[in-house]
1. Going by a ≥ b ≥ c, the root eigenvalues of the Cα gyration tensor, does the range 84-125 fall in the rounded group (a/c under 1.5), the prolate group (a/b larger than b/c) or the oblate group?
2. When the chain is treated as a GNM, springs tying every alpha-carbon pair under 10 Å, which of 42, 79, 16 comes out with the largest mean-square fluctuation?
3. Once Rh for the range 1-54 is found with the Kirkwood sum over Cα pairs, what is the Stokes-Einstein diffusion coefficient at 20 °C and 1.002 mPa s, in µm²/s?
4. Find the centroid of the Cα atoms in the range 79-105 and in the range 175-229, then give the distance between the two in whole Å.
5. For the chain, what is the charge dipole size about the Cα centre, in debye to the nearest 20, if Lys and Arg each add +1 at the Cβ and Asp and Glu each add -1 at the Cβ?
6. I'd like to check one number: the per residue accessible area of the range 77-160, probe 1.4 Å, reported in Å² as a whole number.
7. For the range 154-284, report the translational diffusion coefficient in µm²/s to the nearest whole number, using Stokes-Einstein at 25 °C, 0.890 mPa s, and a Kirkwood Rh over Cα pairs.
8. For residue 265, what accessible surface area do you get with a 1.4 Å probe? Give it in Å², rounded to 10.
Amino acid sequence: MLKGKVAIVTGSTSGIGLGIVHELARKGCRVMLNGFGDKGEIEKLRVNLQSEFNIEIEYSPADMSKSAQIQEMVSEFNIEIEYSPADMSKSAQIQEMVSETEKKLGSVDILVNNAGIQFTAPVENFPAEKWEAILSINLSAAFYAIQAALPGIQKRGWGRIINIASAHGLVASPHKAAYVAAKHGLVGLTKVVALENAKANITCNAICPGWVHTPLVQKQITDRAAQEGISVEKATIELLSEKQPSLKFVQTEQIGQMVVFLCSDAGSSITGTTLSMDGGWTAQ
Ligand code: NAD
């Protein structure tokens, strides 16, 4: 369904981003991975993803003496996964990631702004450098990536921009000033980009997950267990029962499938909106 399309998923070496890459690749999309981690591990991940999703039984009438036809065959039948080490707190590296994707994979059709970090403290003690880092990675990075990718998307006349916001893009919790401000900002940015491109076959939406069991949330659970002197299991149950009526974590693949849906024809009239996937969190 997404054969011939190219996606950048920022922050995709772990958690939700990686889940999104799996679902996009499953549909035939070529992907630029991004995020931090051990170089060797990331290369292993890239190669594994590429071989997992390669379509092995296909036929191409390509004339092997014609390089353009070979290139066409490679891009039609092979899932290419590339990796960019761009730091999302650096605008120049974001621009470089977008142009490298256009060069290596031919275009950027789908941009998923997913990279994000968290830090919790009461406002009066919130360290300025954490505020700056969260605003930069969770909000400004999306602005710079959209700005860099849009001209190509507009020229080709089709695009999907999907921002991974959060339930915290819609409602607040104590001790998360920077995160809540950045995610509300991301929802605002989503609406503006959607309006500016509404007639152009380009949609821009924000997915707002509740708790998803990833390293980002695991840290909050272990911190909570340590602070309260309780077991990790008890801290997990407490965390879910406080906010998420389903008492179940949202799965990374479910978020990936929502991304795929937004990229399908059925998703083409959905733009400028927030899609909550939060087990009832924001219904309360
Ligand atoms: P995670 O920690 O598992 O993954 C974060 C990814 O971002 C990693 O690949 C990491 O390397 C990358 N990253 C961090 N800083 C970066 C930087 N400066 N440059 C490039 N990459 C960077 O976290 P996750 O839970 O998968 O979160 C992904 C997104 O989903 C975040 O935006 C987060 O706010 C959002 N979210 C998470 C949850 C949840 O419950 N886990 C809920 C709602 C929203």
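1. On the way: a/c = 4.39, a/b = 2.71, b/c = 1.62.
Note, shape of the range 84-125 comes out prolate.
2. Looking only at 42, 79, 16, the biggest GNM fluctuation is shown by 42.
3. Once the numbers are plugged in, D ends up at 194 µm²/s.
4. 22 Å
5. Working: 25 positive and 29 negative charges, 107 e Å.
The dipole of the chain has a size of about 520 debye.
6. On the way: 3750 Å² over 84 residues.
Per-residue accessible area for the range 77-160 comes out at 45 Å².
7. Details: Rh = 15.9 Å.
The Stokes-Einstein estimate is 154 µm²/s.
8. 130 Å²
The values are calculated or read from the model by the stated rules, or taken from the named source; none is laboratory data. Just so it is clear, the structure is predicted and the values come from calculations on it, not from any experiment. Neighbour counts are summed over all protein chains in view; Cβ atoms, including those assigned to glycine, are modelled from backbone coordinates with ideal geometry. For the accessible areas, the whole protein counts, side chains as well, though only heavy atoms, and no ligand, DNA or RNA atoms are used. Shrake-Rupley method; radii C 1.70, N 1.55, O 1.52, S 1.80 Å.
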